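**Student:** First, the structure itself, so that you have it in front of you.
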Amino acid sequence: MKLAVLSDIHGNWPALAAVAADIDVWRPDRVLVNGDVVSDGPSNPACWDYVTRRRAADGWLILRGNHEEYVAEWRDPSTPRTGPVADLTRVSHWTYEQLGERTGALMCLPEQWKWTAPDGSRLVAMHGTLLGIRAGIYPFTSDEDVRRRITPGAAVFVTAHTHVAHMRLLDGTRVVNTGSTGIPGDGDWHAAYGRLTWTPDEGWQAQIVRVAYDRAAAERDYFTSGFMDGAGPEAELSLVQFRMVSDVRTRWSAVYRDRILRGEISVAESVREWLSRGEFHGFTLADRGPE
C-alpha cells in the first residue's frame, strides 16, 4: 500500500500542480487530500476544480478542513454580513464568491478516513484531531496532549492543519503531520506532502516530501486574482505569511480577535499595528509591493 497525503493547499495553484506531478511520478495506490483546499489564498477555483477532477478520474479522496467550513458558512443566510464578525471573515467571503455554486459540496466532505492493513493495523486520517477540526498537533505539543487528540490503538494517525510538518512515535502510534502544500509555516517554503507505505515485511513507514515550485508565479496570483483588493485587510497578513513562511495570521488573531469583536479596534487598524512590528520589515506591501 502506497498512500500520498497532501493538505492545506489554500488556493496555491503552482504548489498544488508541483506536488501533484511529484505524486504522479511516485504512483501511489491512493491519494488523500486532507482538508483546506481553499481559502486564505488566491487561486481557489483552480485548486478545487483540479482535486475534484482527480477524485472523479483517479479516485482521490478529499476530507473537509476548517477553511471549507468557513467558506460554506456563507451559504447560511443568518451568517453576519456586517459588523466585526463579518469584518473578520472577509477572506472566506471572497473565496465563497470565487467558488460560486461549488460551495454546495464543501460541507458534504467527510471529516475522517480510515484504512486497515492486511495485518489488522489501522491508519486514521483527519484534518484536525479527535478534539476538533482546528485542534492540531505541533512539534511542541506534549505527549500527554497528543494522547487526547489521536485515535487509541491506531498504527498511524495522520493530521494536518498546523502547517508545520512533524512526525513522532507515541505508544506504538506513528503520528504524522504532513505540513502544508500551499503555505508552510515551518520555515521551509517548499510544498509539503506525506508518503506513507505499508508492506508485510516493514509494516508502516512514513516520509515528509518537500517539492520546489514557482513561488514567483504563486505570489503574482495574490494580485492578479483580485485577492489583495477584494479579501479585506487580512489579505496582507496572508501575503506576509506566504512571504515569511511563518504563521503570521494565527499570532495576529491571538492578539487582536477579541479586541476586534468588542469594537475596540478595527481589522484594518489591527493589521497596520501588527505589521508595523520590526519582525515584518521587508515583507509588507509598504516595504515590498507586487513582484
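The values are calculated or read from the model by the stated rules, or taken from the named source; none is laboratory data. This structure is a prediction, so every number in the text was calculated from the model and none was measured. Glycine gets a Cβ as well: all are built from the backbone with ideal geometry, and neighbour counts include every protein chain shown.
**Student:** Out of the residues in the range 235-248 that are farther than 19 Å from TRP94 by Cβ and hydrophobic (A, V, I, L, M, F, W, C), which is surrounded by the fewest Cβ atoms within 10 Å (Cβ to Cβ)?
**Tutor:** The initial filter retains those residues of the range 235-248 that are farther than 19 Å from TRP94 by Cβ, namely 243-247.
Retained after the next criterion (residues that are hydrophobic (A, V, I, L, M, F, W, C)): 244-245.
Values: MET244: 16, VAL245: 18.
Here the residue is MET244.
**Student:** Does any residue of the range 81-90 turn out to be touching a residue at least 12 places away in the same chain (Cβ under 8 Å), loosely packed, with under 14 Cβ neighbours inside 10 Å and closer than 25 Å to ILE265 by Cα? So that I can check it myself, show each step before the final result.
**Tutor:** Here is the first cut: in the range 81-90, the ones touching a residue at least 12 places away in the same chain (Cβ under 8 Å) are 84-85, 87-90.
This time we only want the ones that are loosely packed, with under 14 Cβ neighbours inside 10 Å, so: 85.
Next, only the ones that are closer than 25 Å to ILE265 by Cα stay: 85.
Within the range 81-90, one or more residues are touching a residue at least 12 places away in the same chain (Cβ under 8 Å), loosely packed, with under 14 Cβ neighbours inside 10 Å and closer than 25 Å to ILE265 by Cα.
**Student:** Looking for whichever is touching a residue at least 60 places away in the same chain (Cβ under 8 Å), assigned to a loop (DSSP other than H, G, I, E, B) and either hydroxyl-bearing (Ser, Thr, Tyr) or surrounded by 13 or more Cβ atoms within 10 Å (Cβ to Cβ) (or both) here; the options are GLY263, GLY232. Which one fits? Step through it out loud before you land on a result.
**Tutor:** Values: GLY263 fails: either hydroxyl-bearing (Ser, Thr, Tyr) or surrounded by 13 or more Cβ atoms within 10 Å (Cβ to Cβ) (or both).
One residue alone meets the criteria, GLY232.
**Student:** Is it true that some residue in the range 271-287 is loosely packed, with under 15 Cβ neighbours inside 10 Å and in contact (Cβ under 8 Å) with a residue 40 or more places away in the chain?
**Tutor:** yes
**Student:** Any residue at all in the range 118-132 that is under 21 Å from VAL31 (Cα atoms), β-branched (Val, Ile, Thr) and either crowded, with 24+ Cβ neighbours inside 10 Å or at pLDDT 95 or above (or both)?
**Tutor:** yes
**Student:** Moving on. Could you please find all residues in the range 70-82 being over 17 Å from ILE260 (Cα atoms), assigned to a loop (DSSP other than H, G, I, E, B) and touching a helix residue (DSSP H, G or I) at 6+ places or on another chain (Cβ under 6 Å)? Please lay out each step first, then the result.
**Tutor:** From the range 70-82, those over 17 Å from ILE260 (Cα atoms) are 70-79; that's our starting set.
Then drop every residue that is not assigned to a loop (DSSP other than H, G, I, E, B), which leaves 76-79.
Correct list: THR79 only.
**Student:** Looking at (1) touching a strand residue (DSSP E or B) at 6+ places or on another chain (Cβ under 9 Å); (2) assigned to a helix (DSSP H, G or I), can you tell me which one PRO45 breaks?
**Tutor:** All conditions are met except number (1).
**Student:** Is the range 166-176 home to any residue that is in contact with a helix residue (DSSP H, G or I) (Cβ under 7 Å, 6 or more places away or on another chain), buried (at least 21 other Cβ atoms within 10 Å of the Cβ) and either hydroxyl-bearing (Ser, Thr, Tyr) or modelled with pLDDT of 95 or more (or both)?
**Tutor:** Scanning the range 166-176, I find at least one residue that is in contact with a helix residue (DSSP H, G or I) (Cβ under 7 Å, 6 or more places away or on another chain), buried (at least 21 other Cβ atoms within 10 Å of the Cβ) and either hydroxyl-bearing (Ser, Thr, Tyr) or modelled with pLDDT of 95 or more (or both), so the answer is yes.
Yes/no matrix, rows are residues, columns are (1) under 18 Å from the mean Cα position of the chain (by Cα); (2) under 28 Å from VAL248 (Cβ atoms); (3) not hydrophobic (A, V, I, L, M, F, W, C):
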position: VAL33; (1), (2), (3): yes, yes, no
position: VAL38; (1), (2), (3): yes, yes, no
position: TRP48; (1), (2), (3): yes, yes, no
position: GLY59; (1), (2), (3): no, no, yes
position: ARG64; (1), (2), (3): yes, yes, yes
position: ASP76; (1), (2), (3): no, no, yes
position: PRO84; (1), (2), (3): no, yes, yes
position: VAL91; (1), (2), (3): yes, yes, no
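**Student:** Just one of the numbered conditions (1) within 30 Å of ALA17 (Cβ to Cβ); (2) part of a helix (DSSP H, G or I) is not true of VAL85; which one?
**Tutor:** (1)
**Student:** Just one of ARG210, ARG220, ARG251 is of a type in the set (D, E, K, R), surrounded by fewer than 19 Cβ atoms within 10 Å (Cβ to Cβ), part of a strand (DSSP E or B) and out of contact with any Gly (no Cβ under 6 Å at 6 or more places or on another chain); which is it? I'd like the intermediate steps shown before the answer.
**Tutor:** Details: ARG220 fails: part of a strand (DSSP E or B); ARG251 fails: part of a strand (DSSP E or B).
Only one candidate passes the filter, namely ARG210.
**Student:** Further question on the same structure: Within the range 110-142, restricting attention to residues that are of a type in the set (D, E, K, R) and under 23 Å from the mean Cα position of the chain (by Cα), which residue is farthest from TRP204 (Cα to Cα)?
**Tutor:** If we filter the range 110-142 for residues that are of a type in the set (D, E, K, R), which is where we start, we get 111, 114, 119, 122, 134.
Filter once more, keeping what is under 23 Å from the mean Cα position of the chain (by Cα): 111, 114, 134.
Numbers: GLU111: 23, LYS114: 14, ARG134: 26 Å.
For the range 110-142, the residue satisfying everything is ARG134.
**Student:** Output the residues belonging to the range 1-42 that are in a strand (DSSP E or B) and closer than 20 Å to ARG134 by Cβ.
**Tutor:** Residues of the range 1-42 in a strand (DSSP E or B): 2-6, 30-34.
Across the range 1-42, the qualifying residues are VAL5, LEU6, LEU32, VAL33, ASN34.
**Student:** Follow-up question, since we're still on this one. Residues that are out of contact with any Leu (no Cβ under 7 Å at 6 or more places or on another chain) and touching a residue at least 60 places away in the same chain (Cβ under 8 Å): find the strands (runs of 3 or more DSSP E) completely inside the range 92-200 holding 3 or more of those.
**Tutor:** Values: elements: 112-116, 122-126, 156-159, 166-170, 173-177, 191-199.
Of the strands (runs of 3 or more DSSP E) lying wholly inside the range 92-200, those with at least 3 residues that are out of contact with any Leu (no Cβ under 7 Å at 6 or more places or on another chain) and touching a residue at least 60 places away in the same chain (Cβ under 8 Å) span 191-199.
**Student:** Of the numbered conditions (1) buried (at least 24 other Cβ atoms within 10 Å of the Cβ); (2) under 14 Å from the mean Cα position of the chain (by Cα); (3) more than 18 Å from LEU3 (Cα to Cα); (4) aliphatic (A, V, I, L, M), LEU106 fails exactly one; give the number of that condition.
**Tutor:** Every listed condition holds for LEU106 apart from (2).
**Student:** What's the number of the only condition in (1) touching a Ser or Thr at 6+ places or on another chain (Cβ under 9 Å); (2) of a type in the set (Asp, Glu); (3) closer than 15 Å to PHE283 by Cα that ASP221 fails to meet?
**Tutor:** Condition (3) is where ASP221 drops out.
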